[in-house]
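First up is the structure itself, then whatever we jot down about it.
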């Protein structure tokens, strides 16, 4: 082999190493095109170079979208656009010179001085923002609105802060000034418990770790032992001491986060307070969230991305929404985002792509309020960009690609995607954030040139301490380098990247076997190590195809069972690390140098297609798909999908495969407890269901349980919109017509032909100059409410004019729609005034689908389990109440009297909440116990019913989401109470809480109404009402505060009022309301009829409330006080 051929072979090898996918194509004048992979070894490269004759051949080499041409005397790039930078041309000149002189390829310095300076200039400049995590968290104390919304609970900032302060006091009492000697493990799933514990730990300088409660017990125990945690918080939010006394920890440590390791066990990354503070400050400034933002968190609490999103949201005053697994269904996800006005969320790209492939995806995406969609955790599929451009979403929502390993405290590079990225071979991971430097080095720790591949190294404010209790691994990944004559600690990511001439970094692959699946970081070696720990497995290899993990094993077992192996792995690995398919081989394929030939294994699974019999029945096709997705030949259809080895990742795969065959299955149902044989498969495209009038009349807006007697027509809700622009009466009238015509619940009531002046009280009123505007408006509204009737004028709209501005008053009879519906209607008015052509019917179409689903559930007796409870509750007959029924006509508004009490001050309420929370109780439970004691004392009977308004908007499994639809969704349902026997007061509260929990929840109002009519539950009305209102969570003024410059309406002021005509009857005889406010604490309101309940009785009730209050105050060590009463 000549010197020239030797150099040519060296050139081929060098070019192959530069290539992003280790593949290039030769095309010579004598040989056909030849593709060679570097993994196959260097011999094919040498053989090909040896065949090349400079005298007879020309050669074209293609790699990285570029063609290089070689003949006897020249080596140059065909496409000059790809070598526009001067040092790229200089590099080609050096290669050319080396081929035709005595210089060896290895001796060439591929980086010029100019290129080196340029590479360093675009690598990022680390700026110290001097952020302090405690100072950042202090912003949370300035907010009082809604902080968290979970599936079944709303938590205000005040409630969150109270929980934080309770935990801080517990930590202070334990640490006794030595907080840095403690590490707290958080083993809980409740967002309130997890988040409040994280904040409390950061404020008290106690390092922590969050452990996913769904992990196998062995893995959880390893984390507890390995982290040296000596404190534990579980679901009860109580701090438990696991190991007495403080330990020696890094005083600057903030938390430990565990990721997949290569040894068979996870590795713990220790992050400092300065690391997380710098990153949170940078991200807060980048996204600029505010109090009006709603963020959706779908991340595991055990990840640092969860920590980042939660802290950024809270210190910005945003509201964080959490959902259950049902949201993994693409249509439910978009509906959830639309109904809850989600403006920010973080998703794995693979899940995002499924959201863009559903029917009518473009229209559904445009109806969301998303401002930021962050994608991260895995390589971004370019098809997302194609869909984003196709749907014209770039101008609506910023699509952001985030990159950052846990070792450098999450986000390190960010790229705001645009249509310009469509022309790039791969989607960039972006440029370094202001606290990060990013460089690309070769195996000799030398900078590589623009466009050439190498390993990405990161340094900056986010570089962590390394791996806890693993010096060897830390020293391997974290190194001191003097790249620009200044020594800094760099983290070696293992990611192969390049940087283009715009300074954008692009991910090309991994230098090891680490992968990302649906945002989860997985080391294939960890799976292999746990496979090898199984006695009969002597060799194992794991490869990935897309989002699917395939394991190949050599086993000595006589009866090989993939299911048994999976069960064994589930005892030690998280669910996302369990291989989807396990195949037995006699021997694993090896390369010439003895390594496992993973490429050969990948070829066995590449683009594996699920084979199904298209002529099979839907149920048989489902079984076939499940068997192949789960990776089992036998499937027990008496088990659920999750019991059979399924998880959320596989569920999405199942649904998508079925969809390709025009079959539809709900993700939430698939992940639920339903047996496989009972899964509901829908065939064909989704169609709108036509519902009969009989079905509508059964379940449409009503209050049947409150219509047992007449005289309750004047129950009016009022809400005002303040208009700053010049809105005419004609415009308002047109909007009202649109709303009635297109909101199904209203159209049903008013019919097809709407006579606006007859069916709806609509007029324009001009304020006189000699009467104060507010006084005049109040009088006009009072007159209007007296005229309204559910049968004739259930809805009134008035346009007030006073010269300075206009105001739209909306009045609705509460027997037509509920208060949430009124807010929806008013918001629709606001939108239509700004744009009359824009009306979103999607939400209200769900109402009809929901009604059909509820009707089917009722006819199928799916509410039958509730019947015994409702039967027991309505069979209670109290003698005193039966006697009063004879004179109930005296329970009129004119005879009603309201008295109020300051039950607890703000500070007392805070301490009471903390005291109760330590026992797993709430102020709601306490309030209900007080009422139970009072009612028992008055009635002289231990059994009774209390009426409670039940929110029928609570999501019901298998039904459409009607959270923002217009209709009547609440009903007064009976709560059965049995006064506790003589016992400790706290035990009484716990007993009453259990009775409340026994009441059917989640759609119970539907079941109650249906059973009320079908099973003749016409017992005495619930004449006693109990209600607990938290005004810290819901504030109409804040919900409807508009800040957009494009809207005519600047502010919507909510004034929901229940105003009755003095002659009208009251439904409740006694109404006990506890109202919580951040400014005044807890207030007790008692409404009673003076003609039916005398002063002596009321005084006895007050005394009973006083006794209950004294008992809880004694438990909290408060001084005894008199109840401050006001009429």
> If only one of 494, 503, 509 is without any contact (Cβ under 8 Å) to a residue 60 or more places away in the chain, touching a strand residue (DSSP E or B) at 6+ places or on another chain (Cβ under 8 Å) and not assigned by TED's automatic domain parsing to the domain that holds residue 257, which one is it?
Replying inline: 494
>> Is it the case, given these coordinates, that residue 469 is within 36 Å of the chain's Cα centre (by Cα) and over 12 Å from residue 407 (Cβ atoms)?
In response: yes
>> Consider the range 258-279. How many of its residues are over 21 Å from residue 225 (Cβ atoms) and crowded, with 22+ Cβ neighbours inside 10 Å?
In response: 6
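I'd like to check something: does the range 786-797 contain any residue that is in a helix (DSSP H, G or I), within 19 Å of residue 736 (Cα to Cα) and without any contact (Cβ under 8 Å) to a residue 40 or more places away in the chain?
no
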>> For the range 345-400, which positions are under 17 Å from residue 430 (Cα atoms) and assigned to a helix (DSSP H, G or I)?
In response: 349, 382, 384, 385
> Residues of the range 488-514 being within 29 Å of residue 420 (Cβ to Cβ), at pLDDT below 85 and part of a strand (DSSP E or B), which ones?
Replying inline: 508, 509, 510
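Yes or no, residue by residue, for (1) under 13 Å from the mean Cα position of the chain (by Cα); (2) under 30 Å from residue 123 (Cα atoms); (3) without any contact (Cβ under 8 Å) to a residue 40 or more places away in the chain:
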residue: 336; (1), (2), (3): yes, no, no
residue: 365; (1), (2), (3): no, no, yes
residue: 369; (1), (2), (3): no, no, no
residue: 375; (1), (2), (3): no, yes, yes
residue: 395; (1), (2), (3): no, yes, yes
residue: 399; (1), (2), (3): no, yes, yes
residue: 411; (1), (2), (3): no, yes, no
>> Any residue at all in the range 517-524 that's out of contact with any helix residue (DSSP H, G or I) (no Cβ under 8 Å at 6 or more places or on another chain) and assigned by TED's automatic domain parsing to the domain that holds residue 571?
In response: yes
>> So in the range 987-1008, with the set limited to residues that are within 17 Å of residue 1028 (Cβ to Cβ), touching a strand residue (DSSP E or B) at 6+ places or on another chain (Cβ under 9 Å) and at pLDDT 80 or above, which one is surrounded by the most Cβ atoms within 10 Å (Cβ to Cβ)?
In response: 992
> Do you know which of the residues in the range 190-219 that are modelled with pLDDT under 90 and farther than 18 Å from residue 242 by Cβ is surrounded by the fewest Cβ atoms within 10 Å (Cβ to Cβ)?
Replying inline: 214
>> Being out of contact with any strand residue (DSSP E or B) (no Cβ under 8 Å at 6 or more places or on another chain) and under 14 Å from residue 256 (Cβ atoms): is that true of residue 208 here?
In response: no
> If residue 457 satisfies every condition in (1) part of a strand (DSSP E or B); (2) within 27 Å of the chain's Cα centre (by Cα); (3) under 30 Å from residue 250 (Cβ atoms) but one, which is the exception?
Replying inline: (2)
>> Quick test of your reading of the structure: residue 655 fulfils all but one of (1) touching a residue at least 12 places away in the same chain (Cβ under 8 Å); (2) assigned to a loop (DSSP other than H, G, I, E, B). Name the failing condition by number.
In response: (2)
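Give the residue, chosen from 208, 222, that is assigned to a strand (DSSP E or B) and either touching a residue at least 40 places away in the same chain (Cβ under 8 Å) or under 29 Å from the mean Cα position of the chain (by Cα) (or both).
Result: 208 is the single residue among 208, 222 that is assigned to a strand (DSSP E or B) and either touching a residue at least 40 places away in the same chain (Cβ under 8 Å) or under 29 Å from the mean Cα position of the chain (by Cα) (or both).
The values are calculated or read from the model by the stated rules, or taken from the named source; none is laboratory data. No experiment lies behind these values; they were computed from the predicted model shown. Glycine gets a Cβ as well: all are built from the backbone with ideal geometry, and neighbour counts include every protein chain shown.
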